[in-house]
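Here, each number is a calculation from the coordinates, and none is a lab measurement. Keep in mind it's a predicted model, so treat the numbers as computed, not measured. Every residue, glycine as well, gets a Cβ built from its backbone with ideal geometry; the counts of neighbours run over all protein chains shown.
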Amino acid sequence: MEHWTKEEKNQVLRASDEERLSKLHDSIALSKWRTQYHIQTVTGLLNDPNGFCFFNKKWHLFYQWFPFGAVHGTKHWYHVVSRDLIHWQNLGMALEPDLEFDNRGCYSGSAFPKDEYLYLLYTGNHQEPNGNRIPYQMIAALNKRGSITKLKHPIIEPNKNYTEHQRDPKIFYENGMYWMLLGAQDKEERGKMLLYKSKQIAIGWEFAGELKIKGYPSFGYMVECPDIEKIGDQWLLLFSPQGYAAKGDEFRNAYQNVYLIGDLDLNKLEFVPKGPYKELDRGFDFYAAQCANQSEYKNTAILIGWLGCSDYKYPATDDEGWAGLLTLPRELTIENGKLQQRPIRTSEELKGEIVFEALHGSINKDTVHGRTPAACIMQMENPDSNAFELGLYSKTMKKGFSIVYDNNHQYFTIDRGDLENQCNVAYGTNRRIKLENGLKSLEIFVDCSAVEIFINRGEYVMSSRMFPNPDEHLIRMRGKDVSLTIWQAKKAIEDNFKI
C-alpha cells in the first residue's frame, strides 16, 4: 500500500497536472475492475455523491474527488451529466479548493435549481496554520452555459455551540422558505442535525435551531450527509450517523446510512418518526446517499449512494491508483408505510442479449458456458418454494461471491469470503437478512467489481464491491425449480479522461 505524506494529500489540481493525470487515467483504464455502467472516478479517489439535481433538461451529479491517488486528500468536485440517469458523460472538475475558506477541500453538499442557475452549496474546509479546522458553508452558481462562479465569502459561519464538525448542507424549499439541513456534532460529541433558513438562496441565512427527532436525542458521535425528501404527504429523513455498534445482523459496516419515515413540523423544528430508524442498504459497501432535487418523477425520490464507506480500503484498486464507484440511481417510494427502493426505470435500457435462461430448473439457453459475465443483469422469479444458492465468480472448490436463500428459516445471505481479493474483513465477510414475507423476486446487477441486489422489488437492497481474478469466473446455481434469466449488460459509461 502506497504511503502518502501530508504534503501529497494536500495537493490541489493545477493545469500543469493534466499530463500526469492523463497517464494515470490511461493506466487505470486498463484495470479489469473498471465498470461498464456505474459512475467511477476518472482518476484517484471518488467518495460522496454531491449536488444531485435536474437542471436545464439534464441530470447533474458531482462527486467528491481527490485526483492524484486512492487516498482521502484535499477534496474537489467532479461533474458528470446524463439525460436518462443511465448514460453518463464526464464534464470535468467543477469546484476546486481555491479560496481561503475552502483551502483544505470543497466538502460535500447539495444543489438547487432556480431561474437560470443551478446553485451549489458545499462545506468549505478551512485549515489554519496551527492545524485548527474551521467549517464554512459556501455557495457557487452554475449557469446554463456550464460556467461556475463561486461566492468568495461564506453564507454561513461556523456555529460556536458545536465542534468543528459541521458539514454537508442539504437545501430544500418548504412553506415559502429555503431551508438548509447540516450534519453536526455538539460539544458533548453527540451527532446532531442543524437547520438554517432564508428567504433567498445566496444571502440571509439564519440559524433556526436543532432538528429535534422525537424519541432520539442524538445519533452516535456525528451525523454526516443528512437529506430530507417529501414523498407524497410523508417525509423521508436520510442520514449517515457514525458511532453505531453492530446489532445482530444489522449495522455491521464501519459507518451506517439510515432512514426514518415520518412527519416534519418546521414550526416546531421537529421530525416525528412513524417507526424506528432502519438501514438504507444491507450490503457491505454503501454510504453518504443523496437524493436529487427534482420534480421529474412525481411522488418519488431519486437516490444515488457511494459504493464504499469512510475508512475502508480496497487494495485491489488502491494499488492501481484509483478507488470509488457510485451506485445505480434508485427510485424511492413509500408504500403502505414502508420504503421501497427499485432500480431506476431506465435501467431496462441496460439489458442486451439474453445469454442464459433457465425455466423451473431446466436450461433453455446458455451462451456463457458456465462463466459469470463481467457485466450483466440477472432476474429470478418466484424462488421462495425452494432453497437455492448462486455463486458468482467462483472457481473449483470455491463459492466465489455467494448468494444463498434458506427457505426454511427465511434467511437471505451474501458472502464474499471465498474470493481471493479480500477487503475490510474486520467487518465480516457475510451479510444476512431475515425475510419475514419470504423471497418473491430477485434482481441482481453485476458490473465487473460491483454487485447490487434488489430483493422483492425493492423491499431490501444489498450493494457490495468485489474484485474477482481472471481464474474466478464460474457461475454456479443450485436449487430446484428455479427460473433465472441473465442479460448481457450494455456499456453506458465512457471511461474517458477529462478534467
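For a test of the definition: using alpha carbon positions, the gyration tensor, and the 1.5 limit on a/c, classify region 346-489 as rounded, prolate or oblate.
It comes out rounded by the Cα gyration axes.
Which of the pairs LYS298/LYS351; LYS9/LYS170; LYS23/LYS144; LYS114/LYS199; LYS313/LYS395 have their Cα atoms more than 20 Å apart in this structure?
In this structure, LYS298/LYS351; LYS9/LYS170; LYS23/LYS144; LYS313/LYS395 lie more than 20 Å apart at Cα.
Grab the DSSP H runs of the chain that are 4 residues or longer, score each as -39,500 (n - 2.57), total them, divide by all residues and round the 222 nm result to the nearest 500 deg cm²/dmol.
My calculation for the chain gives -1000 deg cm²/dmol from helical runs alone.
Taking only C-alpha pairs under 8 Å that are 6+ residues apart, what is the relative contact order of the chain in percent?
Relative contact order comes out at 15 percent.
What dipole magnitude, in Debye to the nearest 20, does region 257-356 give about its Cα centre under +1 on Lys/Arg Cβ and -1 on Asp/Glu Cβ?
So the magnitude is around 440 debye.
For CYS53, list long-range residues whose amide hydrogen, built 1.01 Å from N in the peptide plane, is under 5 Å from its own amide hydrogen.
HIS60, ASN293
Cα centroid distance between region 192-215 and region 430-445, in Å?
First find each Cα centre; the distance between them is then 38 Å.
Under 5 Å between amide H atoms, partner at least 5 residues away or on a different chain: which partners does ARG282 have, H built in plane at 1.01 Å?
Here the answer is VAL461, MET462, SER463, since their amide H atoms fall under 5 Å of that of ARG282.
Loop-only check: which GluC sites (Glu not before Pro) in region 254-304 are DSSP coil with at most 14 other Cβ within 10 angstrom?
Loop-located and lightly packed - GLU296.
Go through region 362-378 residue by residue and turn each phi into a ³J(HN,Hα) via Karplus (6.51, -1.76, 1.60, θ = phi - 60°); whole Hz please, and just put x for glycine and proline.
Calculated HN-Hα couplings, in order: 9, 7, 9, 8, 7, 9, 8, 6, x, 9, 7, x, 4, 9, 7, 10, 10 Hz.
Which value, in debye to the nearest 20, describes the size of the charge dipole of the chain about its Cα centre when Lys and Arg Cβ atoms bear +1, Asp and Glu Cβ atoms bear -1, and nothing else is charged?
Its charge dipole is roughly 440 debye.
Got a sec to turn the phi values of region 197-214 into Karplus ³J(HN,Hα) couplings, 6.51 cos²θ - 1.76 cosθ + 1.60 with θ = phi - 60°, whole Hz, x for Gly and Pro?
Listing the rounded values in order: 9, 6, 8, 9, 6, 8, 9, x, 6, 9, 6, 8, x, 6, 7, 7, 10, 4 Hz.
Could you sort out which of LYS160/LYS192; LYS192/LYS278; LYS274/LYS338; LYS197/LYS278; LYS278/LYS399 sit more than 21 Å apart by Cα distance in this structure?
LYS197/LYS278; LYS278/LYS399
Got a sec to turn the phi values of region 60-74 into Karplus ³J(HN,Hα) couplings, 6.51 cos²θ - 1.76 cosθ + 1.60 with θ = phi - 60°, whole Hz, x for Gly and Pro?
Residue by residue, region 60-74 yields 10, 9, 10, 9, 4, 9, 10, x, 9, x, 7, 8, 7, x, 5 Hz.
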